[in-house]
Amino acid sequence: MASEKDMRNIGEAHPMKSGDGLYSYSNNSYFQVPESLHLINYSSLWCKLGSRRELERVLSFKNWRDIINAAKQIVGEAIVESLDILKFSPSTTIRVADLGCSVGPNTFFAMENILEAIELKCQNQGLHSQIPEFQVFFNDQTSNDFNSLFSSLPPNRRYHSAGVPGSFYSRLFPNRSLHIVYSSFSIQWLSRVPKKVEDRSSPAWNKGRIYYLSAADEVVEAYSAQCAEDTARFLQARAQEIADGGLMILIFPARPDGIPHSQLSANILFDMLGFCLMDMAKKGIVSEEKVDMFNLPVYHMSDQELEAAVERNGCFSIERMERLRPISSTLQSLVSTRHRAQAISFHVRAGMEDLIKAHFGEEILDQLFDSFSKKLEQEYSLVESAGRSAPNLCAVLKRKTMNC
């Protein structure tokens with residue numbers, strides 16, 4: 001395992017696009033879903049929003065709302081069934097951390113759901129008069145837009161809050177200080193691009209691509225190895241921070257066992273984005289060498305890879321692992337393929353803009369994502385078909401009562 005010193009030296013990835021502008025993460029990510037979606041009257045939605053663009057964004061969000069609701073049920077059941085609340089003193093403040101919180105609002109929904117489940121657990125065990133106080137820690141990279149996050153904190157929240165900047169691939173909290181750790185759509189981000197992928201002398205050099213899809217086996221193996229290393233660090237840090245009997249809830253896009261990387265919609269999207277960059281290189285808009293040296297630090301591990309990492313770590317038991325399936329809606333047929341492609345393009349841009357800008361400069365962004373949107377429209381059926389594989393996984397781990 002990595003030493004404490006090694007873990008403190010983990011490099012930082014780029015954050016999501018900050019603020020509330022046109023391409024911001026809060027306005028475009030499918031993972032940031034308005035609370036009020038389930039109240040929307042779709043028959044009058046078109047005239048209220050005034051544009052196909054806004055309608056498509058809401059309809060796309062609706063599918064992710066389904067994922068959040070499915071996860072809420074799993075998380076609630078896991079807390080009621082598995083959290084050892086009686087191990088904690090009645091005077092103990094229950095401490096919950098969201099790792100990779102971004103800018104909200106989903107982090108607030110998730111924290112509220114968790115606290116409701118803890119209160120239900122207390123009531124089920126006859127602790128009606130001993131509901132604990134709650135403290136919630138919001139963690140993300142140091143460059144995350146914490147100002148936007150904390151300016152939108154729910155005014156009537158039932159918890160004390162604090163921000164904890166830093167990479168979750170290293171230690172963030174004191175020993176045995178947390179009772180529940182939650183992370184949603186974050187651990188697919190690696191701590192760094194695998195070194196071999198950027199090494200011209202390596203068989204894993206990923207020339208002409210920005211991702212591991214359609215790449216040589218050596219590239220895929222390098223990404224898999226980096227993921228295994230990062231996951232080991234992540235589990236090692238959490239094993240020291242979570243109290244005995246505490247829970248860790250991980251929601252992330254994972255490759256189902258037996259499903260090839262080529263059948264995940266996110267992988268297809270990143271491959272298309274790489275094609276658009278190479279096309280710009282062929283036209284002389286960007287340097288081909290720059291494209292060769294640019295790779296996305298993202299990897300979708302399989303269920304089996306997660307299970308193996310947990311077993312190697314030895315400090316956690318897997319209480320639950322379930323797939324989260326978005327409910328497809330015929331309402332999306334109201335919007336053209338072009339507008340669906342534009343919505344996906346905005347979403348990818350919200351997550352990747354700062355990363356791309358740091359390497360290529362800001363001037364290529366509009367042209368790149370316009371090209372990406374058009375390619376998505378041309379090949380939308382491929383993305384849609386891959387999206388049916390339900391890649392999102394909810395895993396609930398429990399800290400064993402043992403020294404690790």
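The values are calculated or read from the model by the stated rules, or taken from the named source; none is laboratory data. Computed from a prediction, not measured in an experiment: that's the story for all the values here. Ideal geometry is used to build each Cβ from the backbone, glycine not excepted, and the neighbour counts take in all protein chains shown. The protein model used for the area step is the full one, side chains on, heavy atoms only, and it has no ligands, DNA or RNA in it. Shrake-Rupley method; radii C 1.70, N 1.55, O 1.52, S 1.80 Å.
So the values come out like this:
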{"item": "Residue among Asn267, Asn175, Asn156 that alone is closer than 29 Å to Ala70 by Cβ and surrounded by fewer than 17 Cβ atoms within 10 Å (Cβ to Cβ)", "result": "Asn156"}
{"item": "Test result for Pro132, modelled with pLDDT under 95 and closer than 28 Å to Leu86 by Cβ", "result": "yes"}
{"item": "Selected residue (only one of Arg323, Arg312 is open to solvent by 10 Å² or more (accessible area, probe 1.4 Å), under 21 Å from the mean Cα position of the chain (by Cα) and of a type in the set (Lys, Arg))", "result": "Arg323"}
{"item": "Selected residue (only one of Ala266, Ala239 is modelled with pLDDT under 95 and in contact with a strand residue (DSSP E or B) (Cβ under 9 Å, 6 or more places away or on another chain))", "result": "Ala266"}
{"item": "Hey, Val103 within 24 Å of Ser82 (Cα to Cα) and crowded, with 17+ Cβ neighbours inside 10 Å or not", "result": "no"}
{"item": "Matching residues, the range 159-170, being surrounded by 14 or more Cβ atoms within 10 Å (Cβ to Cβ) and either more than 22 Å from the chain's Cα centre (by Cα) or β-branched (Val, Ile, Thr) (or both)", "result": "Tyr159, Val164"}
{"item": "Enumeration of residues in the range 195-204 that are touching a residue at least 40 places away in the same chain (Cβ under 8 Å) and either part of a loop (DSSP other than H, G, I, E, B) or open to solvent by 10 Å² or more (accessible area, probe 1.4 Å) (or both)", "result": "Glu198"}
{"item": "Conditions (1) within 24 Å of Leu368 (Cα to Cα); (2) of a type outside the set (A, V, I, L, M, F, W, C); (3) touching a helix residue (DSSP H, G or I) at 6+ places or on another chain (Cβ under 8 Å); number of the one not met by Asp271", "result": "(3)"}
{"item": "Residue match in the range 262-282 (condition: more than 19 Å from the chain's Cα centre (by Cα) and outside any helix (DSSP H, G or I))", "result": "no"}
{"item": "Selection within the range 355-400 - β-branched (Val, Ile, Thr) and at pLDDT 90 or above", "result": "Ile356, Ile364, Val396"}
